[in-house]
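Let me begin by presenting the structure, written as structure tokens, before commenting on it.
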Amino acid sequence: MRTSERSSPFRASALAAAALGLALLASPAGAVDGTADSPFASVRDALRHGMRDYNAGDKVGAVRALEFAAVKGDTLAMWKLGRMYASGDGVAHDDLRAFEYFSRIADNHAERGLDTIEAGVVASAFVALGAYFLDGIDGTYVRPNPGRAHEMFSYAASWFGDANAQYNLARLYLDGRGVAPNPRMAARWFNLAAAKGHAPAQALLGHMLIAGDGVPRQRALGLMWLTLARDAADPVHDHWIADLYERAVAAASETDRQGALAYLERHLSSER
């Protein structure tokens, strides 16, 4: 299927979203590295102030504190600023500035250990960069470069096991952007993301299995994945998943429906 829907590259994974809070809880009280005229005692103090102001709705104060921490090299501050500029959240929308924050993270922390607090944040930055390289940024030096996008998604998908990266990488193989079309490779990456609960990946994997789109047709298994996707999908942004599910159910035989139910029961029991 060549659906135009794509998961937002700026939808943070649970690990990335939790990293800010974990880092603040784990940060030491000491390690003063501010200057005499700085309102912040340390980088971590600035990060705490930035997130406190952000959550209180003071985006101006948040940016001031986060930029102080980012200049000092704090990964979490750069990630939060990148997301803010990418979505125009409390600041003027500026994709190039977001791109540059995410690039600094990728350049400095590409080999971040998987057991570190910041691993999810670094993976999220690679996914964001991949999306920017895929389409480019109008009026800037960031030109469309699907091959470079493939590198970004592939790294985050392989090294970090990031579900958004795995989904986006699968889309490249499905659509033949930056790589030769390869439905089997697409299904492989969709499957890895689907197993992590990624609803769009579940939906497209299910559709491929039902249609036999470059993979052996398995209607019951495909219907199971579409059922999981329908249940997990955002009803506002992922309405296309519900459409795929409804069409698949309408065309399914009673045998397919019963088989999907059996697959679903086994899948859910394996997660308990």
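Worth pointing out:
- Listed by chain and number, the lysines whose alpha-carbon sits under 20 Å from that of LYS80, ignoring those within fewer than 8 places in the same chain, are LYS59, LYS72.
- Two-decimal Rg/Rh across segment 45-130, once Rg and the Kirkwood Rh are taken from alpha-carbon atoms: 0.96
- A convex hull fitted around the alpha carbon atoms of segment 174-272 yields 95 Å³ per residue.
- Sites listed here are GluC sites (Glu not before Pro) in segment 68-142 whose DSSP assignment is loop and whose Cβ has at most 16 other Cβ atoms within 10 Å: GLU111.
- Of the chymotrypsin sites (Phe, Trp or Tyr not before Pro) found in segment 123-153, the ones in coil according to DSSP and having at most 11 other Cβ atoms within 10 Å of their Cβ are TYR141.
- Straight-distance candidates among the aspartates and glutamates for linking to LYS196, with alpha-carbon spacing under 18 Å and chain neighbours fewer than 8 residues away dropped: ASP115, ASP162, ASP231, ASP234, ASP238, GLU265, GLU271.
- Whole-angstrom Cα spans of segment 226-272 along principal axes, big to small: 29, 29, 7
- Placing pseudo-labels 7 Å out from each Cα toward the beta carbon at HIS267 and ALA110 gives an inter-label distance of 3.6 nm.
- Cα-based convex hull, segment 98-198, per residue volume (Å³, whole number): 91 Å³
- Range of Cα positions in segment 78-119 per principal axis (Å), largest first: 34, 17, 9
- Inter-label distance, nm, simple model (7 Å from Cα along the C-beta direction), ASN145/ARG64: 3.7 nm
Values quoted throughout were computed directly from the atomic coordinates according to the rules given, and no laboratory measurement underlies them. Computed from a predicted model, the values in this text were never measured in an experiment. Positions of Cβ are backbone-derived with ideal geometry, glycine not excepted, and every protein chain shown enters the neighbour counts.
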